[in-house]
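J.: Here you go, one structure.
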Amino acid sequence: MKKALFLSFLLGFTPVATSYSSQLLSGYWHYQEFLNANPQQKQLTDQLSRAVRQAPVAMAGEQQKPVSISVVFPGQQVSDYWVRNIKAFEMRMEELGIEYQINQVFTRPNLDTRQQSLSLMEALKNNSDYLIFTLDTTRHRKFIEHVLSSSPTKLILQNITTPVRDWDGRQPMMYVGFDHEMGALQLAHYYREHVPKGSKYSVLYFSEGYVSDARGDTFIENMERSGDYHLASSYYTKATEESGYEAALNIVKNDPDIKFIYACSTDVALGAVKALKELNRNDIMVNGWGGGSAELQALEEGTLDVTIMRMNDDTGIAMAEVIKRDLEGLAVPTVFSGDFELVSHDDKQQISLFKQRAFRYSDR
């Protein structure tokens with residue numbers, strides 16, 4: 001089934017026709033699909049999952065020299081996922097007894113491309129042992145392909161858990177994150193349970209790229225499959241709070257009777273919340289994506305309705321555990337997804353418990 005929709009860019013709100021089908025993200029292995037097709041990988045991922053949930057066990061053997069690690073993250077956001085992630089990573093590395101040197105650069109998502117490129121090339125020039133990066137845009141992909149084909153630096157890709165099919169046989173060392181598709185499906189289930197059938201809704205994407213496809217298109221396709229909900233509009237944003245605010249104002253102006261706005265990131269969600277508050281439209285539901293500190297505060301205040309909460313520190317811990325295994329000469333899994341919990345503004349006691357688990361390192 002295909003249905004024409006309209007995506008609008010915030011720069012002038014230029015409408016662009018597009019379509020959706022069951023072949024979303026066809027260039028990637030879906031997380032469970034990859035594990036089911038590779039039983040040995042599933043075993044390695046299960047082993048890593050157990051290690052992440054357990055107390056650290058120091059690395060066996062001695063290092064000849066500290067490992068060098070370069071980190072280039074889109075960490076300049078309201079979402080504290082990236083900052084917490086690297087803190088959990090470093091703390092776990094120390095507990096594992098791994099000597100390391102780290103160089104980290106935080107950039108803005110969809111911006112700072114020059115700074116990002118310079119930092120990435122510097123990492124390769126310095127022959128870093130490990131490079132922790134992400135994959136969202138075509139520019140990212142081209143750089144990663146360059147590394148895979150011409151550099152001994154080992155790549156850990158953050159915030160993506162779906163291996164690229166074209167890279168089979170020369171995959172990065174690891175994909176690590178919280179599976180966007182699984183999170184989107186849980187939020188779709190929540191809205192179907194809490195919003196009357198026949199309702200209209202709007203989608204606020206992240207910036208153009210993989211994250212928007214995985215979180216946004218997966219959600220839309222799942223809602224369309226039921227045939228009971230109607231997508232009124234959808235907008236790519238600049239992945240900022242301000243762009244979420246501007247888009248939400250436009251959404252309500254064009255479709256005042258929508259029941260909810262599905263937001264694909266923290267910053268965008270909080271921008272939409274600000275706009276709805278200004279318009280006195282607390283009847284329109286908004287979700288968060290990730291469950292970081294800012295979202296949990298908004299849930300507590302009742303301005304955000306629901307979020308998919310990542311057990312945030314899982315991925316930082318997983319990266320440290322994988323480097324430990326690599327240094328010990330053991331096989332490492334290609335993919336790892338941390339745990340999710342769906343929480344709404346009514347789940348205050350549960351949220352408190354989840355925070356202890358999610359931020360077990362980064363809140364120290």
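Yes/no per residue for (1) closer than 18 Å to TRP82 by Cα; (2) more than 24 Å from the chain's Cα centre (by Cα); (3) touching a residue at least 24 places away in the same chain (Cβ under 8 Å):
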{"position": "HIS230", "(1), (2), (3)": "no, yes, yes"}
{"position": "TYR236", "(1), (2), (3)": "no, no, yes"}
{"position": "GLU246", "(1), (2), (3)": "no, no, yes"}
{"position": "LYS253", "(1), (2), (3)": "no, yes, no"}
{"position": "LYS259", "(1), (2), (3)": "no, yes, yes"}
{"position": "VAL268", "(1), (2), (3)": "yes, no, yes"}
{"position": "VAL273", "(1), (2), (3)": "no, no, yes"}
{"position": "LEU279", "(1), (2), (3)": "no, yes, yes"}
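J.: Let me ask something additional. Contact list please: Cβ distance under 7 Å, first residue in the range 43-62 and modelled with pLDDT under 95 and surrounded by 11 or more Cβ atoms within 10 Å (Cβ to Cβ), second residue not basic (Lys, Arg) and not in a helix (DSSP H, G or I), pairs at least six apart or on different chains.
T.: Note: pairs meeting the criteria are ALA60/GLU328.
J.: Here are SER212, SER234, SER265, SER207: which of them is of a type in the set (Gly, Ala, Ser), farther than 30 Å from LEU148 by Cα and open to solvent by less than 50 Å² (accessible area, probe 1.4 Å)?
T.: SER234
J.: State all residues of the range 280-299 that are outside any helix (DSSP H, G or I), on the phi < 0 side of the Ramachandran plot and crowded, with 20+ Cβ neighbours inside 10 Å; if no residue qualifies, say none.
T.: ILE284, MET285, VAL286, ASN287, GLY288, TRP289, GLY292
J.: Continuing with this model, one more query. Scan the range 266-290 for residues that are within 15 Å of LEU342 (Cα to Cα) and of a type outside the set (Val, Ile, Thr) and jot them down.
T.: ASN287, GLY288, TRP289, GLY290
J.: Are any residues in the range 300-328 charged (D, E, K, R), part of a helix (DSSP H, G or I) and open to solvent by 10 Å² or more (accessible area, probe 1.4 Å), and if so, which ones?
T.: Within the range 300-328, GLU300, GLU301, LYS324, ARG325, ASP326 qualify.
J.: Tell me, yes or no, whether the range 167-176 has at least one residue that is among the basic types (Lys, Arg), part of a loop (DSSP other than H, G, I, E, B) and without any contact (Cβ under 8 Å) to a residue 24 or more places away in the chain.
T.: There is at least one residue in the range 167-176 that is among the basic types (Lys, Arg), part of a loop (DSSP other than H, G, I, E, B) and without any contact (Cβ under 8 Å) to a residue 24 or more places away in the chain.
J.: With the requirement that a residue be surrounded by fewer than 23 Cβ atoms within 10 Å (Cβ to Cβ) and β-branched (Val, Ile, Thr), what does the range 241-255 give you?
T.: VAL252
J.: Return yes or no: is ASP347 in contact (Cβ under 8 Å) with a residue 60 or more places away in the chain and either open to solvent by 10 Å² or more (accessible area, probe 1.4 Å) or under 30 Å from TRP167 (Cα atoms) (or both)?
T.: No; evaluated as a whole, the condition is false for this residue.
J.: Out of ILE220, ILE261, report the one residue that is of a type in the set (A, V, I, L, M), closer than 18 Å to LEU304 by Cβ, modelled with pLDDT of 95 or more and in contact with a Ser or Thr (Cβ under 9 Å, 6 or more places away or on another chain).
T.: ILE261
J.: Still on this structure, please answer the following. Taking ILE258, is it more than 30 Å from TYR130 (Cβ to Cβ), part of a loop (DSSP other than H, G, I, E, B) and open to solvent by less than 10 Å² (accessible area, probe 1.4 Å)?
T.: yes
Each row is one residue, and each column tells you yes or no for (1) small (Gly, Ala, Ser); (2) over 25 Å from ALA214 (Cα atoms); (3) more than 20 Å from the chain's Cα centre (by Cα); (4) at pLDDT 85 or above.
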site: THR113; (1), (2), (3), (4): no, no, no, no
site: SER119; (1), (2), (3), (4): yes, yes, yes, no
site: ASN126; (1), (2), (3), (4): no, yes, yes, no
site: TYR130; (1), (2), (3), (4): no, yes, yes, yes
site: PHE133; (1), (2), (3), (4): no, no, no, yes
site: THR138; (1), (2), (3), (4): no, no, no, no
site: VAL147; (1), (2), (3), (4): no, no, yes, yes
site: ILE160; (1), (2), (3), (4): no, no, no, yes
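The values are calculated or read from the model by the stated rules, or taken from the named source; none is laboratory data. None of the values given here were measured: they were computed from a predicted structure. Using ideal geometry, Cβ is built from the backbone for each residue, glycine included, and neighbour counts are taken over all protein chains shown. We work out accessible area using only protein heavy atoms, side chains counted, and drop any ligands, DNA or RNA first. Shrake-Rupley method; radii C 1.70, N 1.55, O 1.52, S 1.80 Å.
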